[in-house]
Amino acid sequence: MRLRSSAILVLLWFVGCDRPSPVVLCHNGNCVSPHDVARDDTIDALRESLALRHEGRPTIDGLEVDLLWHKGRCLFSHGVAESENASGAEELAAVIAEHLRSEGPVSFGGNSFTIFFELKVPIDPVDDRNQAGCAIDTFRTVRDAAVESGRELEVIFDSFEPRLLGALQEHPDRPRSEPGVTVGFSFDLGPGFPIDTDNHRLGDFAGLELDVVELHGGWITDTAMQALRQLGLEFCMLSYDLTIETLDAIDVYDPTYVVVSNAEFMRQWIER
Amino acid sequence: MWRVFVVVGVVCMCAGPTRADRDWHLGLNLRSELGVHPVRIDGGVRLGELDLILVLDPMVVTDAEHDLDLMAMWRVSEQGWGVMAGWRPASIEVVGGHRFLHSLLVGAVGPLPKLGPVRTQWGIEAATLIVSHGAGISTETVSFASGRAFGDHFNLTMFVRFEYAVAF
């Protein structure tokens, strides 16, 4: 796999292919440098990330944020461990809506904005429908703001857990694309059990509508990448930090989206 | 400064009869994984059990990323097994200048069969990104606060070296 990737790098040199120009998404709504993981999925970090500017334009093209249904509440939270002091998802939606209604460009790309809503797994599977409802309510607030403001909005609902995507797609009020608003679905693929118990096998997502796969370039084999390409899926590449290795993964795999924790570095690398 | 190295080199080479455990060497440092460029030039000096190596990256011309290594290898067996430690001050061009990423390298090396006059060596390396700075972006240092903070800072890879040596 890696020899093939290295050969691709050499080939790119010869043919002078264009550099990747992915949609830059702010991981956990927290992509200000220096990065502090303790501020992931917090309102303050979200505001600061939305306020980042590169050459007068927003540095990012959108957000990747987490939604969790826990103890009867819809939360903007990375997980149960972080839920105690988490803000409500309605506050997350309000901040995004405020951004969409603001003057000027809302993304580096201009009038378009992309959001990945990651559905975290509730403790009890009984809450799957509530988790889906949580995502739908958050989406509606953001969608309304985008439509009122004439913004182009792209929302991707994402999860490690196939049953959550299923609950959302089977929900009577499931979000659908409309003029100015594009809705899609993504699943997360990482190292399988027992390395990471969150992850499911590719086959576990059978029967679901899927548009995007979110993965980490260092945790995927070439075999899996080839299979995913053949399924016609778009790639969203996650990195916890931008290193030589993660940047080379973006170069080689040329994903449509990148999810990063250092937006300034990412933007300066893309625009070099 | 380069004149100093030339003088040192000439002095060392003229210092006395050549010895089997001292040589200058130049060759290729190859790896097949994402990250560091796959083909780099490495050269150095072997002094008994200690080998000091500088790895330069000609593929910098392809993408303005330079993966430079400074390594010390210590041979622990007659067969050529050894341990290594080093520093990788990689740099990558971005808008606003260059971003520098400094990694600590540790690893082990082992002998491969010689190919005529060419020595070959296999190695395994653990690289830990310690600090990143430059290009007007805040300095970032390694954090062990959580898996998300540390996850991309550690990489394990293998490499192969081919080198031609001249004893002195």
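In terms of overall dimensions, the range A:211-272 has a Cα radius of gyration and Dmax of 11.5, 33 angstrom. Over all directions, the projected convex hull of the C-alpha atoms in the range A:37-125 averages 6.0 nm² in area. Normalised by residue count, the range A:131-272 yields a Cα convex hull volume of 136 Å³ per residue. For the range A:107-170, the direction-averaged projected area of the alpha-carbon convex hull comes to 4.7 nm².
Buried surface between chains B and A: roughly 3100 Å² of accessible area, summed over both sides, computed with a 1.4 Å probe on protein heavy atoms only.
For the pair B:L70 and A:I123, what calculated FRET efficiency results from E = 1/(1 + (r/R0)^6), where r is the Cβ-Cβ distance and R0 = 41 Å, to the nearest 0.05?
Values: r = 50 Å, r/R0 = 1.21.
So, using R0 = 41 Å, E works out to roughly 0.25.
Normalised by the number of residues in chain A, the average gap of Cα pairs under 8 Å and 6 or more apart makes the relative contact order 21 percent.
Based on the Kirkwood approach, the hydrodynamic radius assigned to the range A:139-202 is 13.4 Å, with every pair of different Cα atoms included.
May I ask you to derive the FRET efficiency for B:S143 and B:K114 from their Cβ-Cβ distance with R0 = 45 Å, giving the value to the nearest 0.05?
For B:S143 and B:K114, the calculated efficiency is 0.55.
In terms of packing, defined here as the mean over residues of other Cβ atoms within 10 angstrom, the peptides A:87-97, B:121-131 line up highest first as A:87-97, B:121-131. When the solvent-accessible area of the protein assembly as shown is split by element, carbon and sulfur atoms take up 59 percent of it, the probe being 1.4 Å. Can you grab the distance from the C-alpha centre of the range A:200-228 to the C-alpha centre of the range B:69-137, Å, no decimals? After rounding, the separation between the Cα centres reads 32 Å. Between B:V166 and B:A126, the contour length at 0.36 nm per residue exceeds the alpha carbon distance by 11.5 nm. For the range A:47-63 versus the range A:82-152, the inter-centroid distance based on Cα atoms is 17 Å. The solvent-accessible area of B:K114, taken with every protein chain present and a 1.4 Å probe, is close to 130 Å². The range B:105-168 has equivalent-ellipsoid semi-axes of 36, 15, 8 Å, by the square roots of 5 times the alpha carbon gyration tensor eigenvalues, sorted largest first. Which cross-chain or sequence-distant (5 or more) residues have an amide H under 5 Å from the amide H of A:L63, H modelled 1.01 Å from N in plane? Close amide H contacts, sequence-distant or interchain: A:C26, A:T114, A:I115, A:F116. With the simple spin-label model, which puts each label point 7 Å out from Cα in the Cβ direction, the B:M158 to B:V83 separation comes to 2.2 nm.
In the range A:250-272, the residues that give up 40 Å² or more of accessible area when the other protein chains are added, compared with the chain on its own (1.4 Å probe), are A:F265, A:Q268, A:R272. Label separation (A:T141 vs A:E84): 2.4 nm, computed from points 7 Å beyond Cα along the C-beta direction. Normalised by the number of residues in chain B, the average gap of Cα pairs under 8 Å and 6 or more apart makes the relative contact order 21 percent. Which of rounded, prolate, oblate describes the protein assembly as shown, given a ≥ b ≥ c as roots of the alpha-carbon gyration tensor eigenvalues and a/c under 1.5 marking rounded, otherwise prolate only if a/b is larger than b/c? It comes out prolate by the Cα gyration axes.
Calculated accessible area for the protein assembly as shown comes out at 44 Å² per residue, all protein chains present (probe 1.4 Å; ligands, DNA, RNA ignored).
Using modelled backbone amide H atoms (1.01 Å from N, in-plane), which distant-in-sequence or interchain residues come within less than 5 Å of A:D158's amide H? So A:D158 has HN proximity to A:F117, A:E118, A:L119, A:S186.
The angle separating the long axis of helix B:2-14 from the principal Cα axis of greatest extent in chain B is about 30 degrees.
Placing dummy labels 7 Å off each Cα toward the beta-carbon, the span from A:E170 to A:L202 is 2.5 nm. When Rg and the Kirkwood Rh are both derived from Cα coordinates, the Rg/Rh ratio for the range B:46-110 amounts to 1.12.
The values are calculated or read from the model by the stated rules, or taken from the named source; none is laboratory data. These figures come from a predicted structure and were not determined experimentally. Cβ atoms come from the backbone with ideal geometry, glycine included; neighbour counts cover every protein chain shown. For accessibility, only protein heavy atoms count, side chains too; no ligands or nucleic acids. Shrake-Rupley method; radii C 1.70, N 1.55, O 1.52, S 1.80 Å.
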